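The values are calculated or read from the model by the stated rules, or taken from the named source; none is laboratory data. Worth saying up front: this structure is predicted, and the values here are computed from it rather than measured. Cβ sites come from the backbone with ideal geometry, for glycine too, and all protein chains shown count toward neighbours. Surface accessibility is based on the protein's heavy atoms, side chains included, excluding ligands, DNA and RNA. Shrake-Rupley method; radii C 1.70, N 1.55, O 1.52, S 1.80 Å.
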Amino acid sequence: MKIFDTNNTADEFNSLLKDAKDFLILICPFISVKTQTEKRYRSAIDSVHYSFIVTRPNDENNNNKYKNNITFLNSLANEKCGLGKLDGLHAKIYMNETKCLVTSLNLIDSTQTNNYEIGILIEREINPGLYYDVSKIALEIIEISSVENKGTAKTILSRITIGKLYAEIVAIHEEKIKSKYKNKNNFYEALCKSAKIWVAFDKDTHYKDNSNLLLRETEISYGLYLKLFQKFSSN
């Protein structure tokens, strides 16, 4: 866990955007940035499998200088980016698949020059417990917001394991699996083999008595989850 001042918090947020490969979560009351910064946000969102953005709805009767750029935010919303609103939102949580930033920083250009901010960075590999504690809070906010596709948020923000994916596919396609693979063990082996085509898993993620099989608790990325779910749901 690392703690940052105003400038370093802004730098870490930009790094979080740039480094995202799997997903992005932007929970922030106010998002209103200049054109050049908008391009950076759009590029980051386009490069991941799914994004969620939750902001506070604008109060047009309020003269508060902090308002969302609704036109820009609406332009980001698509089949890979859920946009929602939540009254009373004050939390600022920014996440990708490797780290999260809990901070006072609104995503408004002026806050980086006029305000004093603080940021706490949590890296999943170093502090997985804290990372998933923040994930739970982020999910709670998403679930009570107006954003659609909340089921995807639940998948993204939980520990996705090969065992969990296996159970999910079996629950949906059990009869097809029995027909094609004869039994669930054969299906699990096929699932593991396909996973290993895309990812080089460490030796300690395999069963000691069967190097073909991954331990059920082996974590996988959301991107790999999507590939495997689509492959074995369509076959």
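Of 114, 106, 68, 78, all but one fail to be touching a Cys at 6+ places or on another chain (Cβ under 8 Å) and modelled with pLDDT under 95; the exception is 106.
Of all the listed residues (180, 193), the sole one being touching a residue at least 24 places away in the same chain (Cβ under 8 Å) and over 19 Å from residue 49 (Cα atoms) is 180. Does residue 73 fit the bill of being part of a loop (DSSP other than H, G, I, E, B) and surrounded by 16 or more Cβ atoms within 10 Å (Cβ to Cβ)? Judged against the criteria, residue 73 is not a match. Here residue 88 passes the criteria (1) free of Cβ contacts under 8 Å to residues at least 24 places away in the same chain; (2) out of contact with any Asp or Glu (no Cβ under 8 Å at 6 or more places or on another chain) except the one numbered (1).
There is at least one residue in region 154-162 that is under 24 Å from residue 81 (Cβ atoms), open to solvent by 60 Å² or more (accessible area, probe 1.4 Å) and in contact with an Asp or Glu (Cβ under 9 Å, 6 or more places away or on another chain).
Residues in region 84-99 that are open to solvent by 40 Å² or more (accessible area, probe 1.4 Å) and under 21 Å from residue 19 (Cα atoms): 98 only.
Within region 167-216, restricting attention to residues that are in a strand (DSSP E or B) and touching a Leu at 6+ places or on another chain (Cβ under 7 Å), the residue that is most open to solvent (accessible area, probe 1.4 Å) is 207.
Within region 16-40, the set of residues being over 14 Å from residue 102 (Cα atoms) and over 15 Å from the mean Cα position of the chain (by Cα) comprises 30, 31, 32, 33, 34, 35, 36, 37, 38, 39, 40. So, of the residues in region 217-235 that are under 29 Å from residue 24 (Cα atoms) and among the polar types (S, T, N, Q), which turns out to be least open to solvent (accessible area, probe 1.4 Å)? Filtering first and then ranking leaves 218. When only residues in region 200-223 that are out of contact with any helix residue (DSSP H, G or I) (no Cβ under 6 Å at 6 or more places or on another chain) and hydrophobic (A, V, I, L, M, F, W, C) count, which is nearest to residue 162 (Cα to Cα)? The residue in question is 201. Please go through region 1-39 and give me each residue that is open to solvent by 80 Å² or more (accessible area, probe 1.4 Å), in contact with a helix residue (DSSP H, G or I) (Cβ under 8 Å, 6 or more places away or on another chain) and free of Cβ contacts under 8 Å to residues at least 60 places away in the same chain, ordered by number. Scanning region 1-39 gives a single hit, 18.
Can you name every residue in region 116-144 that is within 16 Å of the chain's Cα centre (by Cα) and assigned to a loop (DSSP other than H, G, I, E, B)? If the condition is that a residue be within 16 Å of the chain's Cα centre (by Cα) and assigned to a loop (DSSP other than H, G, I, E, B), then 124, 125 are the ones that fit. Here region 132-153 is the region considered, the condition is being buried (at least 19 other Cβ atoms within 10 Å of the Cβ) and not aliphatic (A, V, I, L, M), and the residue that is nearest to residue 222 (Cα to Cα) is 152.
Beta carbons closer than 7 Å, at least 6 apart along the sequence or on distinct chains, pair a first residue in region 40-63 that is modelled with pLDDT of 95 or more with a second that is of a type in the set (Val, Ile, Thr) and in a loop (DSSP other than H, G, I, E, B) for 52/147; 54/147.
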